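The values are calculated or read from the model by the stated rules, or taken from the named source; none is laboratory data. Quantities reported herein were computed from a predicted structural model and do not represent experimental measurements. Note that we place each Cβ from the backbone using ideal geometry, even for glycine, and neighbour counts take in every protein chain shown.
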Amino acid sequence: MDWLLGSGGSILVLVLYFTATMIIGLVAWRYFPQSDPEGYILGGRGMGWFVAAFTLMATQYSALTFLGFPGTMYRTGLGGYVAIMGMYVGVSALYWMLFAARTWKLGRAFGHMTPAETFAHFYGQKWVGYVLAAMLIATLIPYIQAQIMGISYLLQVATGDLLSFQLGTTLVYSLMIFYVFMGGLRAVAWTDTMQGLLLLGGVGVGALLVSYAAAGGPVATFTKLLETQPELLTLPGPGNAWPWAYLLSWVIPVGLGWPMQPQMWLKMHIPRSVTYIRLWPLWVTISFPVVMGAAFLTGMTGQVVQPGLTEREATDTVMITLLLEYFPAIVGGLVAAAGLAAMMSTVSSQIHSVGASVARDFLAQMFPDQEPRQQVWLARLAVIVVGFVGLYLSLTQPALLTTLGVFSAAWAAQAAPAAIGALAGWRWPTSWGAVAGPAGGTLVLFWIGLGFPQQQWQGLYAGLWALLVNIILFVAVSLWTPGSRPSRDTVDAYRRVGW
Amino acid sequence: MPRRLIRHALIHIFLCLCFLLPGGLLWNRVEPHLAGLPFSVFVETLMFPFLIALNALALLWSCWHHDQSLMKQLAQGADVMSESEKDREQ
């Protein structure tokens with residue numbers, strides 16, 4: 001019994017979780033064989049509302065949700081919560097309100113799957129697709145590293161240091177590559193659904209458990225904070241952490257970046273009905289406050305019980321540390337499984353979407369005479385290659401890449417002006433503008449992000465400066481190169497598709 | 001872009017700007033409010049998320065009949081590329 005309540009129980013929970021994930025992947029492969037790219041990459045565009053909603057949620061939640069955000073809120077209080085909610089519920093949800101159904105319809109009309117296919121088709125040049133696909137793939141690499149770091153940490157904690165960083169990472173990564181390779185999008189979406197449910201329950205219940213056990217519940221937590229650290233419950237927060245201009249400059253590019261990432265774009269094509277895709281903004285505005293509210297409560301409970309933590313790692317892991325302090329290890333194992341669910345669902349979707357992008361945006365364009373079955377196998381092979389490249393990088397260079405991961409989303413946002421131009425069916429943007437904008441934005445992002453303290457200049461986050469330069473270049477170069485506008489036929493065809 | 005989308009997008013932006021409003025009005029009032037929660041926490045974790053979700057629900061509702069009729073047409077083999085004229089008017 002002691003073994004079950006200790007680290008043995010925690011390991012048992014994790015083994016059950018991994019087994020369930022593997023079984024779901026195998027069922028997807030066995031009962032829904034994919035012989036064409038649409039089946040492997042998009043699940044045949046036939047997902048129901050429940051799976052479509054949960055795969056969105058689970059893909060969007062990641063190591064940041066479980067480890068990073070409670071830590072941010074611990075350090076910066078209500079300001080951290082407002083910034084993170086503003087990013088997801090404010091900006092990402094607005095993008096999905098306006099463009100998710102439109103993307104779904106354009107996909108049905110023209111057979112698009114990846115973002116680069118839309119870019120190449122609308123702007124009429126294959127190289128636009130190559131450049132933007134390469135950029136979007138590159139934005140994911142640092143993000144994958146951040147997830148891997150989170151996975152390895154959770155595994156070490158939940159198994160009582162039984163698994164080393166290398167072994168834990170290799171095991172989990174190999175499992176993900178296996179089920180993505182076998183079952184494609186259907187396996188990813190089904191495992192995401194299980195992981196999304198686990199995540200929603202784990203984070204919510206975990207936050208309440210910690211709050212009641214450690215500080216007497218949410219009201220007691222906030223009452224205590226009002227007496228001791230009221231600045232945590234107002235803005236801009238301790239140490240002027242979130243001045244308004246900086247907050248807005250951070251919220252806009254980062255929130256715009258999430259829908260641009262290939263795994264999120266791809267999932268806009270998977271629901272069976274346009275009504276299911278219209279559910280997305282509603283689902284985001286309902287589920288994110290629950291999860292972010294839980295993260296906020298955890299951060300504030302941490303401030304009541306363990307105030308004064310300053311090291312980033314200590315604040316980031318405040319939830320799991322408190323759980324292990326107040327509950328048997330098996331409870332920690334359950335919540336660790338929820339955290340693993342958040343991370344695995346994101347990484348598996350990313351591996352899958354990068355594999356799809358390599359197969360569709362590069363190989364299928366370079367060798368257009370492939371049979372559908374060949375394309376599926378190329379996508380599968382790309383999943384393996386991409387997966388192992390990610391594994392190799394995370395085992396060899398985690399530190400550098402995690403530094404880059406901070407502005408992964410702001411980098412992906414550099415595709416937004418070109419994407420909006422294509423989705424809106426505007427006549428004036430040109431292929432040169434669609435490449436010049438993201439190129440200039442990327443340079444500015446790296447220049448300010450790596451060269452200036454705290455990734456800001458003149459009090460504004462690097463991502464907003466990059467986006468502004470991007471938009472200026474996109475418009476100016478487009479007006480300067482009117483000869484490379486999209487063809488009138490293409491624009492007319494896009495306009496015949498509704499919103 | 002149809003008017004219904006623009007309408008709900010503008011409401012969304014307005015609500016989100018209120019959610020992100022600078023200090024002094026909402027954020028910096030911390031006196032206990034609903035169920036003992038500080039006012040700033042009540043506003044940011046309960047009130048505005050509820051209003052924003054309500055607007056998203058209203059958008060779903062306003063698109064409902066149009067989307068259902070599109071799906072019916074698609075099921076009958078119609079082309080997704082022929083709906084924009086009607087769509088634009090709504």
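Just to be sure I understand, how many residues within the stretch A:292-312 are surrounded by fewer than 24 Cβ atoms within 10 Å (Cβ to Cβ) and within 20 Å of A:GLN195 (Cα to Cα)?
Residues meeting the conditions: 1.
Checking the condition in contact (Cβ under 8 Å) with a residue 60 or more places away in the chain, of a type outside the set (A, V, I, L, M, F, W, C), more than 14 Å from chain B (Cβ to nearest Cβ) and buried (at least 24 other Cβ atoms within 10 Å of the Cβ), which residue from A:TYR130, A:TYR123, A:TYR153 passes?
So the residue among A:TYR130, A:TYR123, A:TYR153 that is in contact (Cβ under 8 Å) with a residue 60 or more places away in the chain, of a type outside the set (A, V, I, L, M, F, W, C), more than 14 Å from chain B (Cβ to nearest Cβ) and buried (at least 24 other Cβ atoms within 10 Å of the Cβ) is A:TYR123.
Only one of A:ALA101, A:ALA93, A:ALA109, A:ALA63 is within 17 Å of A:SER273 (Cα to Cα) and buried (at least 24 other Cβ atoms within 10 Å of the Cβ). Can you tell me which?
Being within 17 Å of A:SER273 (Cα to Cα) and buried (at least 24 other Cβ atoms within 10 Å of the Cβ) holds for just one of A:ALA101, A:ALA93, A:ALA109, A:ALA63, which is A:ALA101.
Select, from A:ALA434, A:ALA415, A:ALA424, A:ALA439, the only residue that is within 14 Å of another protein chain (Cβ to nearest Cβ) and of a type outside the set (D, E, K, R).
Answer to the selection: A:ALA424.
Kindly evaluate A:TYR88 against the criterion of being touching a helix residue (DSSP H, G or I) at 6+ places or on another chain (Cβ under 7 Å), modelled with pLDDT under 85 and among the hydroxyl-bearing types (Ser, Thr, Tyr).
no
Could you say whether any residue in the stretch A:443-460 is in contact (Cβ under 8 Å) with a residue 40 or more places away in the chain, within 14 Å of chain B (Cβ to nearest Cβ) and under 19 Å from A:TYR246 (Cα atoms)?
Yes, there is a match, as at least one residue in the stretch A:443-460 is in contact (Cβ under 8 Å) with a residue 40 or more places away in the chain, within 14 Å of chain B (Cβ to nearest Cβ) and under 19 Å from A:TYR246 (Cα atoms).
Table: residues versus (1) modelled with pLDDT under 85; (2) within 21 Å of A:ALA356 (Cα to Cα).
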position	(1), (2)
A:PHE18	no, no
A:ILE24	no, yes
A:GLN34	yes, yes
A:MET47	no, yes
A:GLY68	yes, no
A:ARG75	no, no
A:GLY107	no, yes
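Going through the stretch A:479-490 one residue at a time, which ones are within 14 Å of chain B (Cβ to nearest Cβ) and buried (at least 17 other Cβ atoms within 10 Å of the Cβ)?
A:THR490
Within the stretch B:1-23, restricting attention to residues that are among the charged types (D, E, K, R) and surrounded by 14 or more Cβ atoms within 10 Å (Cβ to Cβ), which residue is nearest to A:PRO243 (Cα to Cα)?
Going through the qualifying residues, I end up with B:ARG7.
Would you point out the residue of the stretch B:1-25, among those that are in a loop (DSSP other than H, G, I, E, B) and either within 7 Å of chain A (Cβ to nearest Cβ) or at pLDDT 95 or above (or both), that is nearest to A:GLY255 (Cα to Cα)?
B:LEU20
Residue by residue through the stretch B:76-90, note down the ones that are within 10 Å of another protein chain (Cβ to nearest Cβ), modelled with pLDDT of 65 or more and farther than 14 Å from B:CYS63 by Cα.
B:ASP79, B:VAL80, B:MET81, B:SER82
Per-residue answers, yes or no, for (1) in a helix (DSSP H, G or I); (2) farther than 27 Å from A:GLU38 by Cβ:
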residue: A:GLY299; (1), (2): yes, yes
residue: A:PRO307; (1), (2): no, yes
residue: A:ALA342; (1), (2): yes, yes
residue: A:SER348; (1), (2): yes, no
residue: A:PHE362; (1), (2): yes, no
residue: A:GLN370; (1), (2): no, no
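Looking at the stretch A:188-286, what helices (runs of 4 or more DSSP H) fall wholly within it and have at least 2 residues that are crowded, with 18+ Cβ neighbours inside 10 Å and touching a Gly at 6+ places or on another chain (Cβ under 9 Å)?
It comes to A:218-228, A:244-260.
Can you tell me which residues in the stretch B:39-65 are buried (at least 20 other Cβ atoms within 10 Å of the Cβ), within 9 Å of another protein chain (Cβ to nearest Cβ) and over 15 Å from A:TRP283 (Cβ atoms)?
B:SER40, B:VAL41, B:GLU44, B:THR45, B:PHE48
Return the only residue of B:ILE13, B:ILE52 being under 30 Å from A:PRO238 (Cβ atoms) and in contact (Cβ under 8 Å) with a residue 40 or more places away in the chain.
B:ILE52
For the stretch A:155-196, enumerate the residues that are of a type in the set (Gly, Ala, Ser) and in contact with a His (Cβ under 6 Å, 6 or more places away or on another chain).
Hits for the stretch A:155-196: nothing passes.
Would you mind stating whether A:GLY86 is touching a residue at least 12 places away in the same chain (Cβ under 8 Å) and at the interface with another protein chain (Cβ under 10 Å from one of its Cβ atoms)?
Spelling it out, A:GLY86 is indeed touching a residue at least 12 places away in the same chain (Cβ under 8 Å) and at the interface with another protein chain (Cβ under 10 Å from one of its Cβ atoms).
For the stretch A:267-275, does any single residue satisfy the condition of being among the hydrophobic types (A, V, I, L, M, F, W, C), facing another protein chain (nearest Cβ under 8 Å) and in contact with an Asp or Glu (Cβ under 7 Å, 6 or more places away or on another chain)?
Yes, the conditions are met somewhere in the stretch A:267-275.
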